[in-house]
Structures are given as C-alpha cells and as structure tokens.
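Data block below; observations after.
The values are calculated or read from the model by the stated rules, or taken from the named source; none is laboratory data. Quick caveat, the model's predicted, so the values are computed rather than measured. Cβ placement follows ideal geometry from the backbone for every residue including glycine, while neighbour counts extend to all protein chains displayed. Note: accessible area is taken over every heavy atom of the protein model, side chains too, but ligands, DNA and RNA are not part of it. Shrake-Rupley method; radii C 1.70, N 1.55, O 1.52, S 1.80 Å.
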Amino acid sequence: MKIQAPSFVRRNLQSFLSNMALTLRYSSSFINPIDTKNPKTTDEFVGSVSFPKTKHSYYCLRVKNSSINEAQTSHEKTLYFNGRGEERAEMQHVLSSQKKNGPKVPVYVMLPLDTVSIGGNLNRPKSLNASLMALKSAGVEGVMVDAWWGLVEKNGPMNYNWKGYFDLVQMVEKHGLKIQVVMSFHQCGGNVGDSCSIPLPPWVLEEISNNPDLVYTDRSGRRNLEYISLGCDSLPVLRGRTPIQVYSDYMRSFRDHFKDYLGRVIVEIQVGMGPCGELRYPSYPESNGTWRFPGIGEFQCYDKYMKASLKATADAIGKESWGTNGPHDSGQYNQFPEDTGFFRRDGTWNTDYGQFFLQWYSHKLIEHGDQILAAAQGIYRGTGAKLSGKVAGIHWHYNTRSHAAELTAGYYNTRHHDGYLPIAQMLGKRNAVLNFTCMEMRDGEQPASANCSPQGLVKQVKMATKLTGTELAGENALERYDEGAYAQVLETSRSDSGNGLTAFTYLRLNKRMFEGDNWRNLVVFVNNMSEGGRMIRLSEYDSTGSDLYVGFIHDRKMDIKKAVLV
C-alpha cells in the first residue's frame, strides 16, 4: 500500500528526519499482517510508505509487535524502502511483557473544519490518508468531523449530499480508526479557531432575510447569523418545517445513509445545539471585533420570539413589567462585571427580578437542548452510536459572585446557584455524554484581572456529572502542544475528584501538530491516556512500548533515512 505523504511533510522531510525523536504506540493499521508458520506468532507485518524520490536514498522502518503475554516472543522486522517503495526485510526476535492496566481514556483528534469542501467532496484526500495512518500508529482511537448543515443541505430543503462524508468514513474504517460526527447546525466562521467560512444553507439564509427575527438578537438590534434562535424552535418558519423538524430530518438522513457504519465505525453523534455546536447563546461573538476576551458578553433575547416567551412567562406569574424587555443595566460586550448595575457584586442579578430573568433565560436553553436530544435519541436508538452534547468552558469572571460571562451565555451559575447540575441532568436523561472544553487550562496561566478559574470550573462540571450519573468527555479549548497542557488534561481525566473522562478529543489536526516536539508530546500524551491518565514515561529500554526513532544512517555510497517503530 503506497500512501503519498502530505506536502508539508515532503517539504520538510530532511529537517524532520534529522531532528525528530518520536514515541509511537504500535498499530496494526500502519502495516499489514501476513501468514506465518507458528500459530502463536502471527503478527509479522509488511508495509511501505512512499516519499518523494531521492537519488540513492533508502528508508528503514523497523517494526516490533509486542505480545500481551509476559515473556512471549514477538517479532521485530526491519524494512528498507527505496524511492520506488521496494523493500527488503530482516527479522529479529525480542521479548515482551504485559504493561497496560487501568481504565483507558481513548483520544480522538478533530479534523480540519474544511475536511469536506464547499462542493461536497473530500478535501486533500492523499494528505488526509497519510495523516490518518500516522494517527493510527500513534495509538489514537479515532477522529472527529463536523457534518456541516450548510454543506449537506445546501441545495434545498431535504436535498442532502453526504458524498464527502461517506468517503471520509470509508477512509477512517480502512485505517482501523473510529469517528465522532458532529451534527453541525451552526455557521463556521467568526469564532475562536474558525479558519474557513461555511454559512447556514442558502435557502435558510433566504428565510432569515425575509424574517430577521429567526436569529439571535442583542439589545441594540444586532443580528447573529451563526444559529437559528431557539425562540422559534416549535414554529414552522423554515419552509413549513420547524427548526427541530429540520434538525431531525437531517439526523434521520444521516442515520439512513450511514446505517452500516453506525456503532461500528461511527461511534458517537455529537448533536449541535448552538453556536460552535455548543449548548449556549452567542453571547461573545468575535466577528467584526464585537467581543474581545474577557468581556462579559450580552444577553441574546431580543428577537420577537424570545421577547414573546419572556412576556408570557412574566404574565403567568403576575409580573407583567418583568416581561417587557431584558435587563436594562447589563452593560455591553466588552465591559467588566463591576462596570454594570446587573453583574456587580451586589447587583440586579441577585434580586427577585434578576433571578426570574436568569431562570427563564437558562431554562429556555436547557429546554432547547432537551428537544433536540430527544429527537436524536429516538432517531439513533438501537444503532450503537453514543450521543453527546457540548458545553462551553466559560472560565472568565468565574471567581466573581455573579459569573457574568456564564450568565449571558445561558448558564445560570452564580455564587448561590449551580448552573451545571440541570444541564448534566438533562444530558443524562437523554443518555448523552457531556462534552466539556478548556480541559487543558490552568488558573495560573490566565490574566489576574479576568478573574478566571478554568480549573475550578472543570472541577464543578466534573462534580455535576458525578452527582447526576452523566458521562463526561473533554476537549482542549485552544490550540496547545506543550507538555503543561497535556499534563493538565491528564490530571482532569482521572476520577480522583468528581467524574473521570470517558474520552478526550484533541483540537486539531494540522501541520503544526506533526512538528518534532509537538508530535512527540502528543504521542506520549496518548500513551498516558491509554494508561488511565497516569503519567507514564516511555523508556528506550522498554520492550513492551513502541518508540519511533527517526534519524539518519550515513553510508559512503548512500544516505539512508532510518525510522524505527518499536
């Protein structure tokens, strides 16, 4: 099997090979099994990797497959590849012993946002194929991909194009990997890490242009096109269908197209429930400089449907004046809590009115998530695929009494009120995993003025999932490659305090991830997570591990690149 290496690998091959020392767990998808005469030692392998042709150059790959039985013989095969992929092999025998114990935390890697192109085809398939092979050899469990509503249902209502995603799932299966698929009902573009633009389907944008109240709106009337407002969830505003019906039809189409892969290759369906796929309001939009960290954000309840719901709720308890509008003293996107009347230490948030408003605002969000997950639960029941929902890690101003940034996003979490217990309860009721971000962050890394506590926030969410019996999975919020970030994830992955992680998804596959120390740190992290989150250093003398050493073998007649996978 020949696989073309990604272009960035080809361009940097010389420095990549001469400077890098990597550690990889062994994976059988990287090389193909062949028959042997001994039924107990069937793990001999042959494989080839095609690199750009270089005069008089050969590549050496030494593979050692370790048996799980102590003192059982395993095989080490050295493969020499020339520029045409031809090889010769030498076999050695080594001893192995059992090493693994404890619960494994599988690691997934997010694929690029533009893995499927605007035209609906798989982007850069050769590079992706080589990247998947590398991830498998590193011990990664699988990958995550956004199935964009704006791509799949682009050509009209219920006109679905799954071709690019079908090609991807087949490629993932070929490498023996698993895949998490996100039902991405939001726009790509305008938020942290968004590297491309994928708007909502054109026919949906046409409906929005005819009725701007279909999207979230702030107090000044600014419309947000990232996601349909939950205020119209049950109204037939999308060509005769309600948003919940549209999302359900989309998920049902996915199920029917991928029924042979669900539960086997497609192991998780993450259901998008808001901007960035997260269960929240778009309270801190970065597009056009609207919001900057660590601003408190703004409430998003000023479209006519949300205002009608607020009025009806206030009228029902005899407080008509409370339903005329949102809080008048909640400030602007980039202010701090103490700059406002609502969020300051003894502000309106802690009055009867404030408690009423925050209860309504957060309840509408949880109700929205419950409706979508209820539909998903019925659609995917019996497929074997897990459901999950993503909750944002809004850690700034966490150390204040009001937790202003969480409140504007819809999480009613204050000094006196736990906002994550009801979210965890809702997800648990639907047998969905709570996927939480900012797992890599430490309090000491944050600016003191922002009153951040990502560690305190993660601890609270872990406890909420433990108390409700809800599974917890994690992601890193920002692109990080350093050992400190990985060490923090390892610490939070354990169940020592609160709930441990059932899986972790790393953000994100790109060329920087494959650079020397970055790749080495990732692979060591994956190995540690496979040991239940314990910090295990890989020894060069460990015959049961798997080290990939990349270096040069110099010869008078030829320059041989040597890669050792053990």
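Which one, G419, G341, C301, is farthest towards the positive end of the dipole of the stretch 296-429 when Lys and Arg carry +1 and Asp and Glu -1 on their Cβ?
G419
How big is the Cα convex hull of the stretch 253-407 in projection, averaged over all directions, in nm²?
If you wrap the Cα atoms of the stretch 253-407 in a convex hull and average its projections, you get 11.4 nm².
For the pair K126 and E320, what calculated FRET efficiency results from E = 1/(1 + (r/R0)^6), where r is the Cβ-Cβ distance and R0 = 56 Å, to the nearest 0.05?
0.30
In 10 Å bins starting at zero, report the fraction of Cα pairs in the stretch 403-540 per bin as a rounded %.
Spelled out bin by bin, the stretch 403-540 gives 11, 39, 34, 14, 2, 0 percent.
Return the carbon/sulfur percentage of the accessible area of the stretch 203-324, one whole number, probe 1.4 Å, all protein chains in place.
So the carbon and sulfur contribution to the accessible surface is 49 percent.
Using only the Cα atoms of the stretch 115-162, what are the Rg and Dmax in Å?
13.6, 41
Expressed as cubic angstrom per residue, what is the convex hull volume of the alpha carbon set of the stretch 156-308? Don't skip to the answer; put the middle values down first.
Details: hull volume 19.7 nm³, N = 153.
Dividing the Cα hull volume of the stretch 156-308 by its residue count gives 128 Å³.
Can you order the peptides 173-185, 472-484 by their average number of other Cβ atoms within 10 Å per residue, highest first?
In descending order of packing, they fall as 173-185, 472-484.
How much of W396 can a 1.4 Å solvent probe reach, expressed as accessible area in Å² and rounded to 10?
20 Å²
If only Cα atoms are counted, what is the Rg of the stretch 146-237, and what is its Dmax, in Å?
Final numbers for Rg and Dmax: 15.6, 51 Å.
First obtain the Kirkwood hydrodynamic radius of the stretch 429-478 from its Cα pairs, then insert it into the Stokes-Einstein equation at 20 °C and 1.002 mPa s, and state the resulting D in µm² per second as a whole number.
In µm²/s, the coefficient is 182.
Report the local net charge at M183: Lys and Arg +1, Asp and Glu -1, summed over other residues whose C-beta lies under 12 Å from its C-beta.
Its environment carries a net charge of -1.
Suppose we take every Cα in the stretch 317-455 and form the convex hull; what volume per residue is that in Å³?
126 Å³
When ranked by the protection proxy of mean other Cβ atoms within 10 Å per residue, highest first, what sequence do the peptides 382-393, 139-150, 205-216 form?
Peptide ranking by packing, descending: 139-150, 382-393, 205-216.
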